[in-house]
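The values are calculated or read from the model by the stated rules, or taken from the named source; none is laboratory data. Owing to the predicted nature of the structure, the values given are computational and were not obtained by experimental measurement. Neighbour counts run over all protein chains shown; Cβ positions are idealised from the backbone, glycine included.
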Amino acid sequence: MNDIRWGILATGGIAHMFTSDLRTAGLDVAAVGSRSQASADAFAHEFEIPAAHGSYEALVADPDVDIVYVASPHGFHAEHAALALEAGKHVLVEKAFTLTQPQAAALRDLAAANKLLLMEAMWTRYVPNMIRIRELIRSGTLGQVRAVIADHTQALPTDPTHRLNSLELGGGALLDLGVYPVSFAHDILGAPETITATGRLGSTGADTEVVVTMTHADGAISTSISSARTAGPNEAHILGTEARIDLDPVWYTATTFRLVGRHGEVIESYDAPVAGRGMQYEALAAEQYLREGRTSSELEPIDETVAIMGTLDEIRRQIGVRYPGVDR
Ligand SMILES: NC(=O)C1=CN([C@@H]2O[C@H](COP(=O)(O)OP(=O)(O)OC[C@H]3O[C@@H](n4cnc5c(N)ncnc54)[C@H](OP(=O)(O)O)[C@@H]3O)[C@@H](O)[C@H]2O)C=CC1
Ligand SMILES: O=C1CO[C@H](CO)[C@@H](O)[C@@H]1O
């Protein structure tokens, strides 16, 4: 597949950022779809997109779209990703991928049945600093990796109807923020063997603060803190027996990091600015996979996405968050 044409599903905050990065990278945005024709028209005008559709159904039916980016609140990801897959489109779905593991597994099976690419838009995995970090780990520079520590803490809106607090929209610190450090721990240390979580719920029943400790293969550990009420350091660290990596704030973006030796000496300072926010790298990876005929991401295979959703299900079970209308 050569000229890959994107369709943007929803016109909210992240749809703007992602489309801006696609434009910066010179990628082809063929269409946008919104629940409202006026929003689709305004978005298309802003980014000079040829087609503006007043429904998601019309977007996914557009023959000029090859891959749909789902940017609705995560309470709707399962429905909107299925809509696109059933229309024969490849799909990149914003994080959190779905509300639950069964929803994620159903999407995986639908994509597989239709031989379509399905990826979680966990953009952190694709930014250049993360590629370098994986190289350092693979080459053994850190020795044996023993621990991963990360926080994702922001002072976010407290309005109970906001998507971050509304259970109907998939609200909560864990799925919005904690998904990053949990996915990071999966990436670096593999799926957890044990999960221990504690959290606080706000007035709507959505979680506002969550702390997760996990053990992984060979006794490695990870800790993740997410908070939607306090703006914390937003740092991450990977600790090995020979060296550690300190990722600078905001660690889940295209940021700088240092490789630090056992005696505190800085062995490598990584600093490679990127254009825009850095969301284009996940899109470029998706395009590469399509050209290679792949239906799953190399950096986050769809089975890993499903496993991450299972980890999030277990954390939610322990802290007592349930989404209305879903089984768990
Ligand atoms: N990767 C990242 O860095 C980030 C990812 N995200 C993720 O992106 C998703 C969207 O977040 P964000 O853009 O901040 O959210 P917004 O509220 O800004 O936008 C969500 C959009 O979804 C569409 N939508 C469809 N159904 C509904 C509904 N019932 N209520 C509200 N909106 C609806 C709307 O578009 P329309 O009216 O056009 O149909 C709306 O503009 C979330 O899953 C979130 O986790 C969010 C921020 C950063
Ligand atoms: O992914 C995200 C990155 O951080 C934002 C806050 O600044 C979140 O709300 C968002 O969902």
ask   = Is it true that some residue in the range 66-79 is assigned to a helix (DSSP H, G or I), of a type in the set (A, V, I, L, M) and away from ligand 2 (no atom under 16 Å from the Cβ)?
value = yes
request  = Give the residue, chosen from A231, A185, that is in a loop (DSSP other than H, G, I, E, B) and not β-branched (V, I, T).
outcome  = A231
inquiry  = For a quick check of your reading of the model, give me the residue pairs whose first member lies in the range 173-188 and is under 30 Å from G143 (Cβ atoms) and of a type in the set (S, T, Y), whose second is more than 12 Å from ligand 2 (Cβ to nearest atom) and assigned to a helix (DSSP H, G or I), with beta-carbon atoms closer than 8 Å and at least 6 apart or on different chains.
reply    = S183/R125; S183/I308
request  = Filter the range 152-170 for residues that are under 22 Å from D248 (Cα atoms), within 12 Å of ligand 1 (Cβ to nearest atom) and assigned to a loop (DSSP other than H, G, I, E, B) and give the result.
outcome  = Q154, L156
query = What number of residues within the range 257-277 are more than 18 Å from the chain's Cα centre (by Cα) and either β-branched (V, I, T) or part of a loop (DSSP other than H, G, I, E, B) (or both)?
reply = 12
request  = Give the residue, chosen from I149, I137, I195, I225, that is within 20 Å of T305 (Cβ to Cβ) and either within 16 Å of ligand 1 (Cβ to nearest atom) or of a type in the set (A, V, I, L, M, F, W, C) (or both).
outcome  = I195
request  = Please note which helices (runs of 4 or more DSSP H) are completely contained in the range 1-63 and include at least 2 residues that are closer than 19 Å to A285 by Cβ and out of contact with any helix residue (DSSP H, G or I) (no Cβ under 7 Å at 6 or more places or on another chain).
outcome  = 13-24
ask   = When you go through L92, L9, L118 one by one, which is the residue that is near ligand 1 (Cβ under 9 Å from one of its atoms) and either touching a strand residue (DSSP E or B) at 6+ places or on another chain (Cβ under 9 Å) or of a type in the set (A, V, I, L, M, F, W, C) (or both)?
value = L9
note = I137 vs (1) within 24 Å of L239 (Cβ to Cβ); (2) within 11 Å of ligand 2 (Cβ to nearest atom): all pass except (2)
request  = Only one of these is surrounded by fewer than 22 Cβ atoms within 10 Å (Cβ to Cβ), over 24 Å from E300 (Cβ atoms) and free of Cβ contacts under 8 Å to residues at least 40 places away in the same chain: E193, E209. Name it.
outcome  = E209
ask   = Looking at the range 243-250, is at least one residue within 14 Å of ligand 1 (Cβ to nearest atom) and free of Cβ contacts under 8 Å to residues at least 60 places away in the same chain?
value = yes
query = Has the range 80-90 got any residue that is within 22 Å of T213 (Cβ to Cβ) and either over 18 Å from the mean Cα position of the chain (by Cα) or within 14 Å of ligand 2 (Cβ to nearest atom) (or both)?
reply = no
ask   = For the subset of the range 251-275 comprising residues that are buried (at least 16 other Cβ atoms within 10 Å of the Cβ) and of a type in the set (V, I, T), which member is farthest from G199 (Cα to Cα)?
value = V274
key: F97 among the aromatic types (F, W, Y) and assigned to a loop (DSSP other than H, G, I, E, B)   = yes
query = In the range 278-312, how many residues are acidic (D, E), in a helix (DSSP H, G or I) and surrounded by fewer than 21 Cβ atoms within 10 Å (Cβ to Cβ)?
reply = 3
ask   = Can A40 be described as surrounded by fewer than 23 Cβ atoms within 10 Å (Cβ to Cβ), without any contact (Cβ under 8 Å) to a residue 60 or more places away in the chain, more than 22 Å from the chain's Cα centre (by Cα) and farther than 21 Å from W123 by Cβ?
value = no
remark   = All conditions in (1) surrounded by fewer than 22 Cβ atoms within 10 Å (Cβ to Cβ); (2) in contact with a helix residue (DSSP H, G or I) (Cβ under 8 Å, 6 or more places away or on another chain); (3) assigned by TED's automatic domain parsing to the domain that holds T208; (4) part of a loop (DSSP other than H, G, I, E, B) are true of L116 except (3)
